[in-house]
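Read through the structure below, which is laid out as structure tokens, and then see the notes.
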Amino acid sequence: MKILCVVRNYAPHAKEMQSAVPTEPVFFMKPDSALNQKQMPFFYPDFSQDVQHEAELVVKINRLGKCIKPEFAHKYYDSVALGIDFTARDMQKGFKERSMPWLLAKGFDGSAVMGPFVTLEELGKPINDLNFDLKINGNLVQQGNSGDMIFDVDHLIAYVSRFITLRTGDLIYTGTPAGVGSVKIGDHLDGTIEGRPMLSLDIK
Ligand code: MG
């Protein structure tokens, strides 16, 4: 199983990061050891002073595919989850400044949080019109709609599968909307998709 993640897939987030809006999808990966899918507490790591949340819709690939055409991409998933792409922003900044890969800033243990999956059928909504949000201690910090993605899910699958074979169980973190920010020990994070509670996490 691999965890593919998309960078800057919502224009307002690219702006808040003072980054250009990409003209092609940009991917990175997290190792499978980064995954926290049981919503165990997130233990604040000692190597960062600035861990930030990025709330993202996560798509699970449900069949083997390579060079998938965009018009067939919808056959490769049927459910979504709410995830958090935790990022050690201070480390990432340092790596970026030195033009070095940011793997360790985004791939550390526990950095890929993910709630349970819900089918699109159950939600009664298409993949490109899903509202989701994240609250910290009850305060809304991030709110997005998948219709605002720069590259929609089918485009992401078509694009990445030209280079990397997708296998059953692979995960795609589809990018974060604006509102990323720091978490601190003692925080409680809650998230929803279409108003359904989909994530609940303590920072310890
Ligand atoms: Mg992200």
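Structure notes:
- Screening Met40, Met1 for residues that are among the hydrophobic types (A, V, I, L, M, F, W, C) and more than 18 Å from Gly169 (Cα to Cα) leaves exactly one candidate, Met40.
- When the range 1-48 is limited to residues that are touching a Lys or Arg at 6+ places or on another chain (Cβ under 9 Å) and polar (S, T, N, Q), the one that is modelled with the lowest pLDDT turns out to be Ser19.
- Members of the range 142-173 found to be among the hydroxyl-bearing types (Ser, Thr, Tyr) and touching a Lys or Arg at 6+ places or on another chain (Cβ under 7 Å), listed by number: Ser161, Thr165, Thr168
Condition check ((1) within 15 Å of the chain's Cα centre (by Cα); (2) within 24 Å of Met29 (Cβ to Cβ); (3) free of Cβ contacts under 8 Å to residues at least 40 places away in the same chain; (4) within 16 Å of the ligand (Cβ to nearest atom)) across all residues:
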{"site": "Gly110", "(1), (2), (3), (4)": "yes, yes, no, yes"}
{"site": "Phe117", "(1), (2), (3), (4)": "yes, yes, no, no"}
{"site": "Leu123", "(1), (2), (3), (4)": "no, no, no, no"}
{"site": "His155", "(1), (2), (3), (4)": "no, yes, no, no"}
{"site": "Thr168", "(1), (2), (3), (4)": "no, yes, no, no"}
{"site": "Tyr173", "(1), (2), (3), (4)": "yes, yes, no, yes"}
{"site": "Gly186", "(1), (2), (3), (4)": "no, no, yes, no"}
{"site": "Thr192", "(1), (2), (3), (4)": "yes, no, no, no"}
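- The listed residue being surrounded by fewer than 18 Cβ atoms within 10 Å (Cβ to Cβ) and either within 16 Å of the ligand (Cβ to nearest atom) or modelled with pLDDT under 95 (or both), out of Gly181, Gly144, Gly138: Gly181
The values are calculated or read from the model by the stated rules, or taken from the named source; none is laboratory data. Note that the structure is a prediction, hence the values are computed from the model and not measured. Here Cβ is always computed from backbone atoms with ideal geometry, including for glycine, and neighbour counts include all displayed protein chains.
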